[in-house]
Amino acid sequence: MQNSPLLLIALALPFLGSLIAAFLPSRARNAASSIAGLLAVASALLLATHFQNVLNGEKLRYLGEWLPSLGLNFSLRLDGFTWMFATMVLGIGALVILYARYYMSPQDPVPRFFAFLQAFMGSMLGVVLSGNLIQLAFFWELTSIFSFLLIGYWHHNQGARDGARMAFIVTGFGGVCLLVGILLLGRIAGSYDVDTVLQSGAIIRAHDAYVPALIFILLGAFTKSAQFPFHFWLPHAMAAPTPVSAYLHSATMVKAGIFLMILLWPALAGTTEWYVIVTSAGLATLVIGAWVAIFQQDMKGLLAYSTISHLGLITLLLGLSSPLACVAAIFHTMNHATFKASLFMATGIIDHETGTRDLRLLSGLARYMPITATLAMVAAAAMAGVPLLNGFISKEMFLAEALDAQSGTLIDLILPVAATIASGFSVFYSIRFIHQTFFGPPPTNLPRQPHEAPHWMRLPIEILVIACLLVGILPAITIGPVLRMAAHSVLGDQMPEFSLAIWHGFNAPLVMSLMALAGGALAYKKFGARLNAVEESPIVGRLKARRTFEAVLAAVVDAARALHSVTGTAKLQTQLRLLIATALCMALTPFLFMGYSRGPEPDTLIDPIFALLWVIGGLCAIGAAWQAKFHRLVALILLGGSGLATCISFIWLSAPDLGLTQLLVEVVTLVLLLLSLRWLPQRKPEIWLQERIPASVRLRRSGDLLLAILGGLGMALLSYAMMTRPIPPTISDYFLDNAYSGGGGTNVVNVILVDFRSFDTLGEITVLSIVALTIFTLLRRFRPAPESVERPHQQRRQSKFDEEQEHRSEGDTLEHYLFVPRIIMQWMFPIIITLALYLLIRGHDLPGGGFAAGITASIAILLLYMAGGTRWVEARLNVQPIRWISLGLLSAALTGVGAIVAGFPFLTTYFNYLTVPIIGDIPIASALIFDIGVFAVVVGTTVLMLIAIAHQSIRSPRAKKPVEPSNPAKGEAG
Amino acid sequence: MEIVLSLAIGVLTASGLWLLFRPRTFQVILGLALLSYAVNLFIIASGRLRLDAPPIIGKSAEVDPSAFADPLPQALVLTAIVISFATTALLLVVLLASRGLTGTDHVDGEDGEL
């Protein structure tokens, strides 16, 4: 087994193209299609370089380690069969891209189309090349998603949206089933590796879980391959642009299910269960699809049901479990892809040039578009199984297999009859397709005057039709080696002898074939003219699969709604109560079973001052809780009291960094909350002040109180139990040991933040930045409530005072308000900034660091705002917080990238000491640059938030009316 | 000391929870702030109580881990402080925006429970 990175490149190219196309301008039709086409061809050529290897029976591999410890790797494999399939996906893909270049209208966003198409192609290639079953299921889901996007490409069209949704729900449901089946299969085989699974066929088939695994996998394959009773999504998917139909319903998407069944054929086939399920599903699909196709009036609808029928044929062959039938299935997969793709493309041309696909309107087009007509006729003849075309040979093999499979069961008995009848139907609808469209009198009432399509648009069809002819006339030398190679890599030792020839003598299959041809032709002659009046297909049309699907869907949605209305609530309070109550119960459970006891460690001696601190802190907390409703300012001050107690406790408990940061954050939070107070509504007194408070409200409040007390009690008991137990060994010792020797800093907490766990910190500052930007965006559209718009009470009183005094003009008092503190605060600015820088630089060794320094710096700016007012600061100081944020994030990320450049893992630190005269040794570590990044982000975010909120005070008066036009808000404290 | 700190965590949690269940957004914000004090203290306590042993090591090669307070919970709490500041600010702004939009400061955007 040979390792080949080419496989990865071949798989990556379509996705790369998709990405490129996604960024092209929406008019770049030529660029998008050329890139897409070239990449598809390049990818196919890459695989072609391996043709000789796979022809010799070699298997190629690519293994990229992902989570080797869990046995999960990215693995690709290429053998004869997957080579054949991948080449089909890419080859027909390239032709479809060429065709789509001419089909798509310049008015549509064509690059988006090619982005979806290439992503779909890549996903399909991923399904084919996957060497791991779970990875296969992943790409399988991707094909569902991208087919959804492709089918719904014309999303302004209701039919396209519905069709896309239906296809997605059905195939998505199948995808989930497939995943379950694959997990079961992997469990049975002991590995998810495709080759391992294929080798353990005997174990799998003998296992108890074989039947459930088989059913789930087949559900996945049947939904994807539109097997009865999941066939109904396929005709609705015809709302897609025709190139999409030509691609999805010939070589890909629906063939993914077939691919899976062939791939797993050696592991799963051969049992009675397989035979019964697969054969009967295939048979039903074959007959029903062919029957319904006869009655279609839309050309694409006819082709859709014909596709269903041919997929049924392939499935049926796979169900028969004989090696020769498997060869026939592989062969017909290829043949169907070629003739069906060309027929879809021809339909697209007709639709494009005449403006309709309705068989009842079309007639006599052969005289307007002779070349397209000829091509379509050859392709349709291949579909009908006319000799000298590829469809004939594989159909011949199919009929021979249908006759051969005789073990006496009911299915076996009806098989030859049903096969002949279905072939007859196929002849019937093929003739109708051609005769209605191209023959007869010249058409009337067409939306457009028909004419021949451009040459490049016909080229893909010509190539495909020539392939049909070559394979049909010279099968042994054209397709023979490839088919043999593909079949051999699936079947291995079971490889049967078969000969690809047009003439096998006058035998039973030939008779059946001729009967089908004659019967179909006769039936068309007799009934063909009447079909134009038929609205829905007889017998099967009654099944109404679509209506059932919609009824089931509606029932599911209704049930979900009902369940939600019973169990869900939109009320935040109820949700929080439930959340906390559940958490309490969860936390209580282990104690109920194990009992509660304090640990063995003795208590440390209580310091009376610490106790006193928490008497005050606790009272503050309770007071804040009590007063938060009516006295917001008091509650804020009390909150600050418990915050301060927390701060002091941090310092007491040997966490100076935390004490420092908490204190600074406390200041900023307090200011933020104070700034917001103005915009809150005035609290009305209790509405039940006069009368008694209603019992329900009392009950609710007591319940809340009880829950809160229980929660508090629980936390207290839990903390006590935890603190009195010895600490288990943790990684902290490692951090302490290596902080200086490995990280170059003596402040271990800071070293953890900027070195050991700097990836976390990088994430954290990203979160901070996002929050700041969110706040900024939210406040740009901020509209205060009407009653908050008026100037604050105090400012109004000051203005009134100014008006009453003769020698004062309005705004004077405001300007002189807090004059002395203002000067002091302004003078403190440089001092605080210096402090911030000091904290930043010493952070690696002593308490401080980027966070603390950043908040300190923002406090300096905050003080300026408070002292001078928003306008004063904005006129003098141009802080550009967003620039700070981006520079900060950049420098932090680049520090990490620098390590990669130097050949170390992301965010590895480099450090050394730099001797500066007078100051002495200062640590120069790349962690410092990282910490500067943290500093910049913190400054940027904090200032952005504060400015955004403070700025509201300026714009709010304008929202109502220019009350004070001359002198707006000079000394306003934001 | 352990008892005092446990009681402190308990009282902070209880007051925070009570406020969390209140209908007005301002109360909920204060409740979250109190809860975050409690949780931060709890995390610090998970490194056990150490007095006068800040994790600031000397520059010698040998470090005795038992001589210092556990730095890991401290690093976690430092992160938590900053993040809870950010969430408080965000919640505050959402509250202001919602109040401007709906005319009420009820947590559900409409006056329901009082």
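The values are calculated or read from the model by the stated rules, or taken from the named source; none is laboratory data. It should be emphasised that the depicted structure is a prediction, and the values quoted were computed from it without experimental measurement. All Cβ positions, glycine included, derive from the backbone under ideal geometry; neighbour counts span all protein chains shown.
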Which members of the range B:92-114 meet the condition of being in contact with a Leu (Cβ under 9 Å, 6 or more places away or on another chain), more than 7 Å from every other protein chain (Cβ to nearest Cβ) and crowded, with 18+ Cβ neighbours inside 10 Å? B:L95, B:H106
In the set A:S280, A:S322, the lone residue that is assigned by TED's automatic domain parsing to the domain that holds A:L359, under 30 Å from A:D493 (Cα atoms), surrounded by fewer than 23 Cβ atoms within 10 Å (Cβ to Cβ) and among the polar types (S, T, N, Q) is A:S322
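Would you check which residues across the range A:760-810 are of a type in the set (A, V, I, L, M, F, W, C) and closer than 22 Å to B:T104 by Cβ and list them? Give the derivation first.
To start, the set of residues in the range A:760-810 that are of a type in the set (A, V, I, L, M, F, W, C) comprises A:762, A:765, A:767-768, A:770-773, A:775-776, A:778-779, A:782, A:785, A:789, A:801.
A:I775, A:L778, A:L779, A:F782, A:A785, A:V789, listed by residue number.
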Inside the range A:611-634, the number of residues satisfying the requirement of being within 7 Å of another protein chain (Cβ to nearest Cβ), assigned to a helix (DSSP H, G or I) and farther than 16 Å from B:L49 by Cβ is 7
Filter the helices (runs of 4 or more DSSP H) completely within the range A:689-763 down to those with at least 1 residues that are more than 7 Å from every other protein chain (Cβ to nearest Cβ) and farther than 24 Å from A:G898 by Cβ. A:695-723, A:732-743
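Return the residue satisfying two criteria in turn: it lies in the range B:21-46 and is more than 24 Å from B:L78 (Cβ to Cβ) and assigned to a helix (DSSP H, G or I), and of such residues it is nearest to the other protein chains (Cβ to nearest Cβ). Please lay out each step first, then the result.
First, the residues of the range B:21-46 that are more than 24 Å from B:L78 (Cβ to Cβ): B:21-28.
Restricting the remaining residues to those that are assigned to a helix (DSSP H, G or I) gives B:25-28.
Values: B:T25: 8, B:F26: 6, B:Q27: 4, B:V28: 8 Å.
Looking at the filtered set, the residue picked out is B:Q27.
Conditions (1) out of contact with any strand residue (DSSP E or B) (no Cβ under 8 Å at 6 or more places or on another chain); (2) at pLDDT below 90; (3) more than 20 Å from A:L664 (Cβ to Cβ), marked per residue:
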site	(1), (2), (3)
B:E2	yes, yes, yes
B:L7	yes, no, yes
B:I29	yes, no, no
B:S36	yes, no, no
B:L41	yes, no, no
B:A45	yes, no, yes
B:A67	yes, yes, yes
B:V77	yes, no, no
State the number of residues belonging to the range A:796-813 that are assigned to a helix (DSSP H, G or I) and modelled with pLDDT of 75 or more. 9
Taking the range B:69-83 as the region of interest, how many residues are in contact (Cβ under 8 Å) with a residue 40 or more places away in the chain and surrounded by 20 or more Cβ atoms within 10 Å (Cβ to Cβ)? 1
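Would you please name the residue that is surrounded by the most Cβ atoms within 10 Å (Cβ to Cβ), looking only at residues in the range A:796-847 that are among the small types (G, A, S) and under 30 Å from A:D931 (Cα atoms)? Write out each step before concluding.
Our first condition is that a residue be among the small types (G, A, S); within the range A:796-847, this holds for A:799, A:809, A:811, A:836, A:843.
With the extra rule that they be under 30 Å from A:D931 (Cα atoms), the set shrinks to A:836, A:843.
Numbers: A:A836: 23, A:G843: 29.
Top of the filtered list is A:G843.
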Can you say whether A:G257 is at pLDDT 90 or above, in the same structural domain as A:N335 (by TED's automatic domain parsing) and assigned to a helix (DSSP H, G or I), as far as the supplied structure shows? no
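Filter the range A:640-652 down to residues that are touching an Asp or Glu at 6+ places or on another chain (Cβ under 9 Å) and at the interface with chain B (Cβ under 9 Å from one of its Cβ atoms), then give me how many there are.
Keep residues of the range A:640-652 that are touching an Asp or Glu at 6+ places or on another chain (Cβ under 9 Å), which gives A:640, A:643-644, A:646-647, A:650, A:652.
Pick out the ones that are also at the interface with chain B (Cβ under 9 Å from one of its Cβ atoms) and you get A:643, A:646, A:650, A:652.
The qualifying residues number 4.
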So which residues in the range A:653-667 are over 17 Å from B:V39 (Cα atoms) and either among the basic types (K, R) or more than 7 Å from chain B (Cβ to nearest Cβ) (or both), if there are any at all? A:L660, A:L664, A:V667
Name the pairs whose Cβ atoms lie under 8 Å apart, with the first residue in the range A:9-25 and at pLDDT 95 or above, the second surrounded by fewer than 23 Cβ atoms within 10 Å (Cβ to Cβ) and assigned to a loop (DSSP other than H, G, I, E, B), and 6 or more positions between them or separate chains? none
Any pair with Cβ under 8 angstrom, 6 or more apart, that starts in the range A:593-610 at a residue that is more than 10 Å from chain B (Cβ to nearest Cβ) and ends at one that is among the polar types (S, T, N, Q): A:P600/A:T724
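With closer than 17 Å to A:L644 by Cα, of a type in the set (A, V, I, L, M, F, W, C), touching a Ser or Thr at 6+ places or on another chain (Cβ under 9 Å) and crowded, with 18+ Cβ neighbours inside 10 Å as the only criterion, which of B:A45, B:A8 stands out? Outline the logic, then answer.
Values: B:A45 fails: closer than 17 Å to A:L644 by Cα.
After ruling out the rest, the residue left standing is B:A8.
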What's the number of the only condition in (1) surrounded by fewer than 24 Cβ atoms within 10 Å (Cβ to Cβ); (2) facing chain A (nearest Cβ under 7 Å) that B:S66 fails to meet? (2)
Can you pull out every residue in the range A:814-857 that is modelled with pLDDT under 90, assigned to a helix (DSSP H, G or I) and among the small types (G, A, S)? A:G850
Quick test for you: out of A:V897, A:V879, A:V873, pick the one residue that is of a type in the set (V, I, T), at pLDDT 75 or above and not in a helix (DSSP H, G or I). A:V879
Determine if the range B:49-58 includes at least one residue that is in contact with a helix residue (DSSP H, G or I) (Cβ under 6 Å, 6 or more places away or on another chain) and either more than 7 Å from chain A (Cβ to nearest Cβ) or surrounded by fewer than 21 Cβ atoms within 10 Å (Cβ to Cβ) (or both). no
Taking the range B:22-53 only, how many residues are without any contact (Cβ under 8 Å) to a residue 40 or more places away in the chain, of a type in the set (G, A, S) and over 30 Å from B:S66 (Cα atoms)? 1
Can you find a residue that is over 23 Å from A:L263 (Cα atoms) and either surrounded by fewer than 24 Cβ atoms within 10 Å (Cβ to Cβ) or touching a Ser or Thr at 6+ places or on another chain (Cβ under 7 Å) (or both) anywhere in the range A:173-191? no
